[in-house]
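Novice: Structure provided below as structure tokens; questions to follow.
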Amino acid sequence: MADINVKINGVAVSVPKGTTVLEAAHMAGIDIPTFCYMKEINEIGACRICMVEINEGRGFRLVASCVYPLAFEGTEIRTNSPKVMDSRRKTLELILSTHDKKCLSCVRSGNCELQSLCNEMGIEDESTYEGEKPTYEIDNSAVHMYRDNNKCILCRRCTAVCSKWQGVGVIGANERGFKTFIGSAFEMGLGETSCVSCGQCIAVCPVGALSEKDFTNQVFAAIADESKHVIVQTAPAVRAGLGEEFGYPIGTNVEGKMVAALRRLGFEKVFDTDWGADLTIMEEATEFVDRFQNGGTLPLITSCSPGWVKYCEHYFPDMTENLSSCKSPHQMQGAVIKTYYAEKMGIDPKDIVVVSIMPCTAKKYESQRDDESAAGVPDVDYVLTTRELARMIRRAGLKFTALPDEDFDNPLGVSSGAGDIFGVTGGVMEAALRTAYCWLSGNNEEVVEFHEVRGTDGIKRSTVNINGTEIKVAVASGLANAGELLRKVQSGEEK
């Protein structure tokens, strides 16, 4: 598409015709605040925080920058004029007029987009607009999270990611006008719906309306109980995500400092869930080879994501036989800790408390399933997210950046490189298939790579030849893409 020349705050910028004002501003190094906007997922111009002034030859007027396309040569844009600032202030004040402003006790305090923008705009008087204020019961019905509509700002990010990215759609805008609130059909609690516990709504919420259920107090209490042997295990993604909480660049590997922090929190042993991931690789590869050689149910679908498993149970119940029968890595590791480890150490499994640090809230739901109790007690007692671990570290007064680098405890902290790639989309499939390839081909020397199923595309496909037989594999990122792929498998369009 042809470029057009526009001016943003008096500076000439050349952008492709049809580019939104928001995107053009970003290209020019100018940040325009938004609440509702998520690129390609929630572009609705609803929050009105991103208003700018624009002149296309008819004088300046206010428009929502996230949804307004640039179409005319010479268009002038003002992103920080008095009129724009006044518009944003009024919108913020109106949002605050119905917002539960318990910032000191809010889980998002210090990391809240509403709080940050109000600080930037210098808004001190929270009661500019007084009047009716709706109140809502906190929804605690789900195992993994709570929903507090008293803090909701109706940005609709949660509903968009649930519907468009995950293809679940169990929440949406109910009622109209001033009475609008985010809820489920027939005002059911989230735990009564077909929610899959994925936590994507929490990840995109700009305020404290949605959050994982916090089990840090229970874990601190277990550590303080001298009759309990408290063990912690961490997923590979946590070591790459925890650093952000303490000022490290995104993706920094802070494994050594994380292990040191966990020891200083009082855990008896610090194990790496990658060890459980290696178990999963061997189990899933064994299961695939058995099905492949003996006419078992195919395609075999990996089962390490409890959100995905729950999605399949709700929406594709006729394909649950295709799911691998394997537990996820942290549940396998918990089972081994409370059987093998307990026996070797001479500890009653009832006295062992296993804590998993996971990047996904669905693991909270998974740990409470009835079938996750190899020793007659739960394989995993508590699941904490990366955010919860960061809270524990801060509460304990640990200076994370000053901690030394330490190693996981052995032997349940030793793992291969294959376990590490579980943290990326398709990693489980690739690791298990590499192992199956070695077994079926008898070739343990060749390094098998599956480059076609890596990357950020929603659905990726590849074919591998094993002893003259073509094995087709596919990877889906996001539940909506997983649903699309399964529907094609059901129809016969995909094999």
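Novice: Scan the stretch 277-304 residue by residue and report those that are open to solvent by 50 Å² or more (accessible area, probe 1.4 Å) and under 24 Å from Ala235 (Cα atoms).
Specialist: The answer is Leu279, Met282, Glu283, Thr286.
Novice: Within the stretch 396-446, can you find the residues that are under 20 Å from Thr469 (Cβ atoms), hydrophobic (A, V, I, L, M, F, W, C) and more than 24 Å from the chain's Cα centre (by Cα)?
Specialist: The answer is Leu433, Ala436, Cys438, Trp439, Leu440.
Novice: Right, something else. Within the stretch 161-178, which residues are surrounded by fewer than 20 Cβ atoms within 10 Å (Cβ to Cβ) and either of a type in the set (Lys, Arg) or not in a loop (DSSP other than H, G, I, E, B) (or both)?
Specialist: Result: Ser163, Lys164, Gly172, Ala173, Asn174, Arg176, Gly177, Phe178.
Novice: Could you check the stretch 204-238 and list, in sequence order, the residues that are at pLDDT 95 or above, part of a helix (DSSP H, G or I) and not aromatic (Phe, Trp, Tyr)?
Specialist: Val204, Thr216, Asn217, Gln218, Val219, Ala221, Ala222, Ile223, Ala224, Val238
Novice: For Lys338, are the conditions met, namely being assigned to a helix (DSSP H, G or I), crowded, with 20+ Cβ neighbours inside 10 Å, touching a Ser or Thr at 6+ places or on another chain (Cβ under 8 Å) and of a type outside the set (Asp, Glu)?
Specialist: Spelling it out, it is not the case that Lys338 is assigned to a helix (DSSP H, G or I), crowded, with 20+ Cβ neighbours inside 10 Å, touching a Ser or Thr at 6+ places or on another chain (Cβ under 8 Å) and of a type outside the set (Asp, Glu).
Novice: So which residues in the stretch 327-373 are more than 13 Å from His144 (Cβ to Cβ), among the aliphatic types (A, V, I, L, M) and in contact with a Gly (Cβ under 8 Å, 6 or more places away or on another chain), if there are any at all?
Specialist: Once the filter is applied, which keeps residues that are more than 13 Å from His144 (Cβ to Cβ), among the aliphatic types (A, V, I, L, M) and in contact with a Gly (Cβ under 8 Å, 6 or more places away or on another chain), the stretch 327-373 yields Met332, Val336, Val354.
Novice: Please indicate, with yes or no, whether at least one residue in the stretch 394-401 is open to solvent by less than 40 Å² (accessible area, probe 1.4 Å), touching a strand residue (DSSP E or B) at 6+ places or on another chain (Cβ under 8 Å) and among the hydrophobic types (A, V, I, L, M, F, W, C).
Specialist: Within the stretch 394-401, not a single residue is open to solvent by less than 40 Å² (accessible area, probe 1.4 Å), touching a strand residue (DSSP E or B) at 6+ places or on another chain (Cβ under 8 Å) and among the hydrophobic types (A, V, I, L, M, F, W, C).
Novice: With the condition kept exactly as written, say whether any residue in the stretch 136-143 is touching a residue at least 40 places away in the same chain (Cβ under 8 Å), open to solvent by less than 40 Å² (accessible area, probe 1.4 Å) and touching a helix residue (DSSP H, G or I) at 6+ places or on another chain (Cβ under 9 Å).
Specialist: Within the stretch 136-143, one or more residues are touching a residue at least 40 places away in the same chain (Cβ under 8 Å), open to solvent by less than 40 Å² (accessible area, probe 1.4 Å) and touching a helix residue (DSSP H, G or I) at 6+ places or on another chain (Cβ under 9 Å).
Novice: Can you give me the number of residues within the stretch 284-305 that are outside any loop (DSSP other than H, G, I, E, B) and closer than 20 Å to Met319 by Cβ? Steps first, please.
Specialist: Taking the stretch 284-305 and keeping what is outside any loop (DSSP other than H, G, I, E, B), we get 284-294, 301.
Narrowing further to those that are closer than 20 Å to Met319 by Cβ: 284, 287-288, 290-292, 294, 301.
Number of matching residues: 8.
Novice: Could I ask something else about it? Show the residue pairs that are 6+ apart or on different chains and have beta-carbon atoms under 6 Å apart, the first residue being within the stretch 200-223 and under 22 Å from Asn150 (Cβ atoms), the second being in a strand (DSSP E or B) and β-branched (Val, Ile, Thr).
Specialist: That search, which allows pairs on different chains as well, returns Glu212/Thr385.
Novice: Between Gly251, Gly247, which is surrounded by fewer than 22 Cβ atoms within 10 Å (Cβ to Cβ) and modelled with pLDDT under 95?
Specialist: After ruling out the rest, the residue left standing is Gly251.
Novice: Whether any residue in the stretch 33-47 is of a type in the set (S, T, N, Q), assigned to a loop (DSSP other than H, G, I, E, B), closer than 21 Å to Glu120 by Cβ and in contact (Cβ under 8 Å) with a residue 60 or more places away in the chain is what I want to check.
Specialist: no
Novice: Which of the residues spanning the stretch 314-331 are within 24 Å of Leu433 (Cα to Cα) and in contact with a Ser or Thr (Cβ under 6 Å, 6 or more places away or on another chain)?
Specialist: Matches in the stretch 314-331: Glu321, Asn322, Leu323, Ser324, Cys326, Pro329, His330.
Novice: Also, quick follow-up: Any chance you could count how many residues in the stretch 73-128 are of a type in the set (Lys, Arg) and in a loop (DSSP other than H, G, I, E, B)?
Specialist: Result for the stretch 73-128: 3.
Novice: Also: Of all residues in the stretch 31-47, count the ones that are under 23 Å from Gly458 (Cβ atoms) and open to solvent by 50 Å² or more (accessible area, probe 1.4 Å).
Specialist: The number of residues fulfilling the criteria is 4.
Novice: I need the full set of residues from the stretch 410-438 which are in a loop (DSSP other than H, G, I, E, B) and surrounded by 19 or more Cβ atoms within 10 Å (Cβ to Cβ), in order please.
Specialist: From the stretch 410-438, those in a loop (DSSP other than H, G, I, E, B) are 410-416, 424-426; that's our starting set.
Within the stretch 410-438, Leu412, Ser415, Thr425, Gly426 meet the criteria.
The values are calculated or read from the model by the stated rules, or taken from the named source; none is laboratory data. Keep in mind it's a predicted model, so treat the numbers as computed, not measured. Neighbour counts are summed over all protein chains in view; Cβ atoms, including those assigned to glycine, are modelled from backbone coordinates with ideal geometry. Each accessible area value is taken on the protein alone, full model and side chains, heavy atoms only, with ligands, DNA and RNA left out. Shrake-Rupley method; radii C 1.70, N 1.55, O 1.52, S 1.80 Å.
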